[in-house]
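Asks: Shown below is the structure under consideration.
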Amino acid sequence: MIAALIQRCPAWLRALLRPERFVFTTVECVVIRLIFAWLAWDYILTEPGRYPGTPYPRGLAHFMDLSFIHDASVVMWLIWTARVGLILGALGIAEPITIGWTLFVIIASKSYNLSQGYLGHAGQLLTLCMAAQWLGSVWALRKSVAGWRGLIFAGMKSWPNQLWWMISTIAASYTVSAITKEINSGGMWPLKGKVFILQMLKAHQERIASNGVAPGDFALQAVEVLRDHAWLGNVLLMPAFLLEFFAFLALLNRRMSLVIGLGLLSFHHMTELLMTIGFGTHRQLLWLLLVNPVFWAMTLWATKIRRKAI
Amino acid sequence: MFLIMAALMLIFGDQFPFSNFPMYSVLPDSVICMRVTDNTGKLLPLDPAFGIGTTLLKKQMERELHEMKDAGTIEKISNPGLPASQKAGKVVLEWLLAHHPPRRPELSGQTVKLEQVSYRVKHGEVVEKVDVLAEGRVQEVKR
């Protein structure tokens, strides 16, 4: 029935909805891996935990004592070994170990900081993508461990698979975010537009309290419009919710991945305009993995060469 | 991988590195934020004055409320009531002044206030309320 419905759609929509296998070239894999490592570089912990101990354990802190992360000399050692691991991993050398170590350092340090009585979500998506990358390299071991060369370079064969798992992880995070919104708000999230103005006011007030900088004219005007027409909040929330929920459609094909990626970027851009909240790492990952300019640049270039040859 | 990751995120919730991404998943009828003012009531932007953002202040407040909940002093962390907020606010302001010396010398020795600004929707109108949570003296800075 769905197939029959799709057949009735215009050609451009059929092209968007047609499931296609993502084929990754080696060049695409290499460039994306290097950019991803560059994004992760700054995310590796830069300072020891703010307080000693983990009174409110989260993540890894449930299973092991992470208090060593409060020691500045240990932290320096962790940072540099994790960075070496990141570089070696990006180059495809002993990925299960090198990426694994970097991932462990990130998870341990962030778990430590988040186990001190408050929450933060910056960079969580990046860590999950790295976890997907690492799992891909470990998964590759089941086929090709033959001698030390096999162990060191086995991960390389799985680069396309790692990339696919990273893209799937991003799509999953947005869909899960939409599901969480529905669960936590009793299924009414897209219709809570009447109180959305409060979140805007709070974000503006926090910005002023931090830096003394008032939000831009657009944000201030938007608050005034929402004060007078609260129902417009629903107009803002509904598309945002639908975009997040249907993020899994990005896995259908490259074109849909581009559309969903650009849609989610617009959503983040709007959030920044209205609430001055950037979600920088999310946007970087959307550009890199869903919009994927590397793939489209290569495709355009290949098309141009082919046309010249004809 | 999509289904596995989605399932793990939903099952583990906010346990790093997993997250069910709960930011803004609850849109409550009232919100609060925190700010610091000087003895004349003028806003003191935290970053230029003390080198931190209001988010850190709020996280510190959450931490204090967590401890009060563990001690059985309050029942819930969100909207714990003004007296509880003032009690936590006093500790937070003490922490701010003890750990973040002022970046501006003229603040040295001044009295500052920690305020809580709350917004709520009442009969379709947005109502703003400001409560002073605590007062404290900025430490003297040697010039």
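Asks: Taking 0.36 nm per intervening residue step and subtracting the Cα-Cα distance, what contour gain separates residue B:111 from residue B:47 on full extension?
Replies: Working: separation 64, 0.36 × 64 = 23.04 nm, distance 1.77 nm.
Difference between extended and current length: 21.3 nm.
Asks: Another question, then. Can you classify the range B:74-132 as rounded, prolate or oblate using the Cα gyration tensor, where a ≥ b ≥ c are the square roots of its eigenvalues, rounded means a/c under 1.5, and otherwise it's prolate if a/b beats b/c and oblate if not? Don't skip to the answer; put the middle values down first.
Replies: Details: a/c = 3.56, a/b = 1.72, b/c = 2.07.
Since a/c reaches 1.5 but b/c is at least a/b, the shape of the range B:74-132 is classed as oblate.
Asks: Another question, if that's okay. Which distance in nm do the two modelled labels at residue A:299 and residue A:184 give, with both placed 7 Å along the Cα-to-Cβ direction?
Replies: About 3.5 nm separates the two model spin labels.
Asks: Pick from B:14, B:47, B:29: which residue has the top mean-square fluctuation in a GNM of chain B where Cα pairs under 10 Å get a spring?
Replies: B:14
Asks: Now for a different question. If you take the beta carbon distance between residue A:9 and residue B:7 as r and set R0 to 30 Å, what does 1/(1 + (r/R0)^6) give as a FRET efficiency, to the nearest 0.05?
Replies: On the way: r = 31 Å, r/R0 = 1.04.
Once rounded, the FRET efficiency stands at 0.45.
Asks: Considering just Cα atoms, how many Å³ per residue does the convex hull of chain B enclose? Please report the intermediate quantities before stating the final value.
Replies: Working: hull volume 22.9 nm³, N = 143.
Expressed per residue, the convex hull around the Cα atoms of chain B is 160 Å³.
Asks: Return the distance in nm (one decimal) between the two label points of a simple spin-label model at residue A:307 and residue B:99, each offset 7 Å from Cα along Cα→Cβ.
Replies: Those two pseudo-labels are separated by 5.9 nm.
Asks: Mind jotting down a quarter of the surface of the convex hull over the alpha carbons of the range A:237-310, in square nanometres, one decimal? List each step's numbers first, then the result.
Replies: Working: hull surface 23.2 nm².
Computed as one quarter of the Cα hull surface, the answer is 5.8 nm².
Asks: Also: For peptide A:55-68, what's the mean number of Cβ atoms from other chains within 10 Å of each residue's Cβ? Provide the component values of the computation, followed by the final result.
Replies: Numbers: counts 4, 5, 1, 4, 7, 3, 2, 1, 0, 0, 0, 0, 0, 0.
Mean partner shielding for this stretch: 2.
Asks: So for A:226, A:39, B:3, fewest C-beta neighbours within 10 Å to most, what's the order?
Replies: Values: A:226 22, A:39 18, B:3 10.
Starting with the residue having the fewest Cβ neighbours, the order is B:3, A:39, A:226.
Asks: Once R0 is set to 30 Å, what does the formula 1/(1 + (r/R0)^6) return for the Cβ-Cβ distance between residue B:86 and residue A:41, expressed as a FRET efficiency to the nearest 0.05?
Replies: On the way: r = 43 Å, r/R0 = 1.44.
The calculated FRET efficiency here is 0.10.
Asks: Based on DSSP H assignment, which helices of chain B show an axial Cα extent of at least 30 Å together with a mean Kyte-Doolittle hydropathy greater than or equal to 1.6? All intermediate terms of the calculation are to be shown ahead of the outcome.
Replies: On the way: long enough: none.
Membrane-span-like by this criterion, though nothing is claimed about a membrane: none.
Asks: With no solvent and one equal point scatterer placed on each C-alpha of the range A:69-201, evaluate the Debye formula and give log10 I(q)/I(0) for q = 0.10, 0.18, 0.22 Å⁻¹, two decimals.
Replies: -0.47, -1.02, -1.24
Asks: Between the range A:81-120 and the range A:249-296, how far is it from one alpha carbon centroid to the other, in angstrom?
Replies: So the separation of the two Cα centres works out to 25 Å.
Asks: If you don't mind, there's one more thing I want to ask. Could you tell me the relative contact order of the range A:1-90? Use alpha-carbon pairs under 8 Å, at least six residues apart, and round to a whole percent.
Replies: Numbers: 38 pairs, mean separation 27.1, N = 90.
Relative contact order for the range A:1-90 comes out at 30 percent.
Asks: From the Cα gyration tensor of the range A:138-223, with a ≥ b ≥ c the square roots of its eigenvalues, which class applies: rounded if a/c is under 1.5, or else prolate if a/b is larger than b/c, or else oblate?
Replies: On the way: a/c = 4.78, a/b = 2.39, b/c = 2.00.
Prolate, because a/c is 1.5 or more and a/b exceeds b/c.
Asks: Most exposed first by the Cβ proxy, i.e. fewest other Cβ within 10 Å, how do A:102, B:73 rank? Intermediate results must be reported in sequence, preceding the final value.
Replies: Values: A:102 29, B:73 14.
Neighbour counts put them in this order, fewest first: B:73, A:102.
Asks: Would you kindly derive the ³J(HN,Hα) couplings of the range A:274-291 from the backbone phi angles with the Karplus curve 6.51 cos²θ - 1.76 cosθ + 1.60 (θ = phi - 60°), listing them in order in whole Hz, with x for Gly and Pro?
Replies: Working through the residues one at a time gives 7, 10, 6, 10, x, 6, x, 5, 4, 5, 4, 5, 5, 4, 5, 9, 9, 5 Hz.
Asks: Would you calculate a helix-derived [θ] at 222 nm for chain B, using -39,500 (n - 2.57) for each DSSP H run of n ≥ 4 and dividing by the full residue count, to the nearest 500?
Replies: Values: 4 runs with 51 residues, N = 143.
Taken over chain B, the calculation gives -11000 deg cm²/dmol.
Asks: Which of A:181/B:59; A:202/B:76; B:90/B:129; A:143/A:181; B:76/B:122 have a Cα-Cα distance over 31 Å?
Replies: A:143/A:181
Asks: From the P(r) of the range B:1-74, could you give the percentage of C-alpha pairs in the tail past 18 Å? Kindly include the intermediate steps, with their values, before the conclusion.
Replies: Values: 1780 of 2701 pairs.
Tail fraction, whole percent: 66.
Asks: For A:267, A:63, B:21, B:12, which order do you get if you count the other beta carbons within 10 Å of each Cβ and list the fewest first? If you can, show how the numbers build up before the last one.
Replies: Values: A:267 21, A:63 9, B:21 24, B:12 14.
Ordered by Cβ neighbours within 10 Å, fewest first: A:63, B:12, A:267, B:21.
Asks: Count, for each residue of A:242-251, the Cβ atoms from other chains sitting within 10 Å of its Cβ, then give me the mean as a whole number. Can you show the working numbers first?
Replies: Numbers: counts 0, 0, 1, 0, 0, 1, 3, 0, 1, 2.
Mean partner-chain Cβ count within 10 Å for A:242-251: 1.
Asks: Check residue B:134: other-chain or 5+ apart residues with amide H under 5 Å from its amide H, H built from backbone geometry?
Replies: B:114
Asks: Which ³J(HN,Hα) values, rounded to whole Hz and listed in residue order, are derived for the range A:87-98 from phi using the Karplus coefficients 6.51, -1.76 and 1.60 in 6.51 cos²θ - 1.76 cosθ + 1.60 with θ = phi - 60°, glycine and proline given as x?
Replies: 5, 4, x, 4, 7, x, 9, 6, 3, x, 8, 5
Asks: At what distance in nm do the modelled label points of residue B:125 and residue A:34 sit from each other, each positioned 7 Å from its Cα along Cα→Cβ?
Replies: Rounded to a tenth, the inter-label distance reads 6.2 nm.
Asks: Still on this structure, please answer the following. Could you tell me what fraction of 2.2 N^0.38 Å the Cα radius of gyration of chain A comes to, as a two-decimal ratio?
Replies: Working: Rg = 22.2 Å, N = 310, 2.2 N^0.38 = 19.5 Å.
Expressed relative to 2.2 N^0.38 Å, the Cα Rg reads 1.14.
Where a number appears in this text, it was derived from the coordinates with a stated rule and is not lab data. Just so it is clear, the model here is predicted, and its values are computed rather than measured. For neighbour counting, all protein chains shown are included, and Cβ atoms are generated from backbone atoms with ideal geometry for every residue, glycine included.
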